[in-house]
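For reference, the structure discussed in these notes is given below.
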Amino acid sequence: MKILNHTKRLLCMVLLSMAILPAVKAEDFSAKDVVLEHIKDSHDWHITDIQTADGKLEPLAIPLPVIVKSSTGWHVFSSSQFEHHADAAGLRQGPFGLAIATEGEHAGKIVENGEPVLDLSITKTVAVMFINVIILLCCILLSARWYKNRKASDAAPGGFVGFIEMMVMYVVDEIIKPGVGKGYEKYVPYLLTCFFFIFTCNVMGLIPFPPGSGNVTGNIAVTFFLALCTFIIVQFSGNKHYWKEIFWPEVPTWLKAPIPIIPVIEFVGIFTKPFALMIRLFANMMAGHAIAVAITCIIFLVASQAIAVQLSMSALSVLMSVFMMCLECLVCFIQAMVFTMLSAVFIGLARVEPEHEH
C-alpha cells in the first residue's frame with residue numbers, strides 16, 4: 001500500500017507539471033536562464049512568471065529597496081520602478097537616469113550611462129540573509145529561554161529545544177573541542193555562530209518560495225566574509241611557535257636562507273587555508289542548487305515531445321529532483337560541519353605548543 005501511495009503521489013506531481021506546460025513554449029524555454037536566475041543575486045525577489053491576457057509573460061516579483069549613489073547624489077526607491085523588460089540596449093530603465101544592465105560585463109548591476117554606480121541596495125541575497133538571521137535568533141533565544149528557570153538536575157528537554165541542545169552539544173564536543181584543543185571555550189561562540197548560520201542558510205535555500213529560495217551560501221561575497229573572519233581569528237590566536245614555524249621553520253638552513261623557499265611556502269599557506277574555506281562552501285552550495293534546478297528543467301525541455309516522452313521524462317525528472325533534495329538536506333549539514341571543523345582545526349594549529357623531547 002505504501003508503494004502504491006508513493007506511486008500515486010508521483011503520478012500526480014507529473015500530471016501537475018504537465019498541466020502547466022501548455023503555457024510554456026519549449027522553444028522559448030531556456031534552462032540556462034532559469035538556473036542562472038536562481039543562483040545569482042538580483043534587485044528584486046522573483047517568484048514566477050504569469051501569463052497576461054495578450055499571451056505575454058510578466059514577472060511576479062517582490063520589490064526590494066534600492067540605495068545607490070549616482071552623479072546626482074544618493075537615491076532611495078523601490079526596485080519596482082525599473083522596467084520589467086529590457087530595451088534594445090539590454091537595459092531595464094528606471095528613475096534618475098539609472099538602469100539595470102541585463103547583458104555585458106555589468107549584467108545585473110545598476111548603471112548610469114553604461115557605468116556602474118555605488119550600490120548599497122538590499123538585494124535578494126541580503127534580504128534572505130536578514131530573514132535567516134531572524135529565524136536563527138528566534139530558534140536560539142527561544143531555546144535559551146527554556147533553561148532560564150531550570151536547574152542542571154532537571155530532566156533534559158524534549159522536542160525542538162532538545163534538538164537544539166543536541167546540535168549544540170554535538171558541535172561543541174565532536175567538532176570544536178577536538179579541533180581547537182585546550183582553551184577552546186572562548187572560540188565556542190564564533191564557531192557555533194558559523195555552524196548554525198551556515199546550516200540555517202543552507203536549509204532555507206531549499207525552500208522554493210519566499211521566505212526561502214535564497215542562494216546565500218552560494219554567494220561568493222558571503223563565503224568570503226565568513227572565511228575572512230576565520231582568517232583574522234586564526235592570525236590573532238597564533239602564538240610565537242606558530243609564527244616561528246612560518247618564518248623560520250625547523251628545516252635544513254639551505255631551505256630557509258639565502259633563498260627563503262619554505263618560509264615563502266608557509267606564508268602563502270596562511271592565505272590558502274581561508275581561500276579553501278571560501279571556495280569549498282561556495283562551490284558545493286552553488287553546484288547543488290544548479291543541479292537541482294537543472295533536473296527540474298527537464299520537464300519543460302520535453303514539453304513539445306510526444307506524450308510518452310513527456311510522461312517518462314517528467315517522472316524521471318521528479319524522481320531525480322526528490323533524490324537531489326534529499327541529498328541537499330544532507331549536504332546542508334555536512335557543509336556547515338566541514339566549515340566549522342576546518343575553522344576549529346586552523347585555530348587549533350595556530351595555538352599548538354612545541355613538542356619537547358624527553
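All of the numbers you see were taken from the coordinates with simple rules; none came from a lab. These numbers were taken from a predicted model, which means no experiment stands behind them. All Cβ positions, even for glycine, are placed from backbone atoms using ideal geometry, and neighbour counts span all protein chains on display.
Points to keep in mind about this one:
- Taking amide hydrogens as placed 1.01 Å from N in the peptide plane, the amide H of Asp44 sits under 5 Å from those of Lys124, each at least 5 positions away in sequence or on another chain.
- Centre separation in Å (Cα based) which lies between region 237-277 and region 147-181: 38 Å
- Segment Cys326..Thr102, full-extension length gain: 77.3 nm, with 0.36 nm per residue of separation and the alpha-carbon distance subtracted.
- Spatial separation of Cα centroids for region 205-229 and region 52-103, in angstrom: 23 Å
- Neighbour cut-off at most 14 other Cβ (10 Å), DSSP loop, GluC sites (Glu not before Pro), region 214-295: Glu250
- Cα gyration tensor, region 134-271 - rounded (a/c under 1.5), prolate or oblate: oblate
- For chymotrypsin sites (Phe, Trp or Tyr not before Pro), the sites in region 93-197 that DSSP calls loop and that have at most 16 other Cβ atoms within 10 Å are Tyr147.
- Long pairs among Lys109/Lys186; Lys109/Lys177; Lys40/Lys244; Lys124/Lys151; Lys148/Lys182; Lys40/Lys273, criterion Cα-Cα beyond 32 Å: Lys109/Lys186; Lys109/Lys177; Lys40/Lys244; Lys124/Lys151
- R0 of 25 Å, Cβ-Cβ distance Ile220-Phe333: FRET efficiency to nearest 0.05: 0.70
- Label-point gap, in nm, between Ile62 and Glu115 - each point 7 angstrom along Cα→Cβ: 3.5 nm
- Judged by the mean number of other Cβ atoms found within 10 Å, the most tightly packed of the peptides 100-112, 221-233 leads the ranking 221-233, 100-112.
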